[in-house]
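The values are calculated or read from the model by the stated rules, or taken from the named source; none is laboratory data. Computed from a predicted structure; not experimentally measured. Neighbour counts are summed over all protein chains in view; Cβ atoms, including those assigned to glycine, are modelled from backbone coordinates with ideal geometry. Side chains included, ligands, DNA and RNA excluded: accessible areas come from the protein's heavy atoms. Shrake-Rupley method; radii C 1.70, N 1.55, O 1.52, S 1.80 Å.
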Amino acid sequence: MLEGFHPFKHALRFGATILESVTRDPERLNDLTGSLAPDLAGILGAGAVSVPDSVFRQLSPVPPSTGIIALAKRPVLNPGSFSLSAPLALLENPRSHGNIGAAVRVAAAAGAAGLVTTGEHDPWHPSALVGSAGLHFALPVAWLPEIDLDELPTYMAGRKLVAVDPEGEQLDRKGIPDGAILAFGTERDGLTRELLAAAHTRIAIPMEPGVSSLNLATAVAVVLYAWRLG
Ligand SMILES: C[S@@+](CC[C@H](N)C(=O)[O-])C[C@H]1O[C@@H](n2cnc3c(N)ncnc32)[C@H](O)[C@@H]1O
């Protein structure tokens, strides 16, 4: 489910198949397209069904102010689409859909090979798609509710596992091997003992004394951009 203009825009731009779209304000949609997505003029609003505000407000717990909601097909994961040289972000049991979305967004921007989450929360939850502004469609986003570190899926196998952990060695571009899996821990407790034990190396983002950690999505951003900027 794509709630709002930006998720809809990015989904379309990155090739999503739209199943349905509804708007409460076709004129506003047209104006937004003209100012924010001129590349999608004639495509973005085409096929959107106009509905009264009273109907629109029932479609989402937080109806987007931009007045557009759409349903898109979740892409089938293609193991061959993961870059082998760029790092892959692994979020171990993230709790917040907002953090998942923000991590997907920065992974797309930085050029990560993909993003994988473990645990009970589906990374394709509508709130995570709001957080990513629809950039889930820009890179492979996979969900492994249970992960077996000895039996990784093909798109993860053979990559070096790097634990991103406040107790690690100071972050340095050279500490991120090509195609590494960069593993980030859950919001409250950090990485599990199993994952830390399996890691090839542990890297830490330097912080001022007294600060215990960064927000999960912020940590993903720092490490991916350290890789990207070299
Ligand atoms: C909010 S933090 C978890 C805090 C947890 N108490 C801990 O000590 O790991 C969520 C994740 O962000 C990453 N993170 C946050 N700050 C970090 C730092 N300074 N260095 C390395 N990783 C960090 C780690 O992957 C961590 O597991």
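Observations on the model:
- Of residues in region 209-230 being of a type outside the set (Gly, Ala, Ser) and farther than 20 Å from Arg173 by Cα, the one farthest from the ligand (Cβ to nearest atom): Pro209
- Condition check for Gly190: within 14 Å of the ligand (Cβ to nearest atom) and on the phi > 0 side of the Ramachandran plot: yes
- Among the residues making up region 188-210, those that are touching a strand residue (DSSP E or B) at 6+ places or on another chain (Cβ under 9 Å) and assigned to a loop (DSSP other than H, G, I, E, B) are Leu191, Thr192, Ala199, His200, Ile205, Pro206, Met207.
- In region 174-194, the residues that are open to solvent by 10 Å² or more (accessible area, probe 1.4 Å) reach residues that are among the charged types (D, E, K, R) with C-beta atoms within less than 6 angstrom, at least six apart or across chains, in these pairs: Pro177/Lys160; Gly185/Glu92; Thr186/Glu92; Glu187/Arg95; Leu191/Glu92; Leu191/Asp165.
- Single residue of Val104, Val51 found to be in the same structural domain as Val222 (by TED's automatic domain parsing), modelled with pLDDT of 95 or more and in contact with a strand residue (DSSP E or B) (Cβ under 7 Å, 6 or more places away or on another chain): Val104
- Arg13 vs. criteria surrounded by 12 or more Cβ atoms within 10 Å (Cβ to Cβ) and out of contact with any Pro (no Cβ under 9 Å at 6 or more places or on another chain): yes
- Of residues in region 132-146 being under 11 Å from the mean Cα position of the chain (by Cα) and among the aliphatic types (A, V, I, L, M), the one most open to solvent (accessible area, probe 1.4 Å): Ala138
- Restricting the search to helices (runs of 4 or more DSSP H) fully inside region 1-82 and requiring at least 3 residues that are of a type in the set (A, V, I, L, M) and touching a residue at least 12 places away in the same chain (Cβ under 8 Å) gives 26-36.
- Region 160-187: number of residues that are of a type in the set (D, E, K, R), within 12 Å of the ligand (Cβ to nearest atom) and part of a loop (DSSP other than H, G, I, E, B): 1
- Some residue of region 171-178 being closer than 30 Å to Val76 by Cβ and in contact with a strand residue (DSSP E or B) (Cβ under 7 Å, 6 or more places away or on another chain): yes
- Of the residues screened, Leu129 is one that is buried (at least 21 other Cβ atoms within 10 Å of the Cβ), closer than 30 Å to His6 by Cα, touching a Gly at 6+ places or on another chain (Cβ under 7 Å) and in the same structural domain as Leu90 (by TED's automatic domain parsing).
- Residue within region 88-96 that is more than 21 Å from Ser127 (Cα to Cα) and either in a loop (DSSP other than H, G, I, E, B) or assigned by TED's automatic domain parsing to the domain that holds Leu149 (or both) present: yes
- The set of residues in region 117-126 being part of a loop (DSSP other than H, G, I, E, B) and open to solvent by 20 Å² or more (accessible area, probe 1.4 Å) consists of Glu120, His121, Asp122, Trp124, His125.
- Leu149, sole failed condition from (1) out of contact with any Ser or Thr (no Cβ under 9 Å at 6 or more places or on another chain); (2) modelled with pLDDT under 95; (3) among the aliphatic types (A, V, I, L, M); (4) buried (at least 16 other Cβ atoms within 10 Å of the Cβ): (4)
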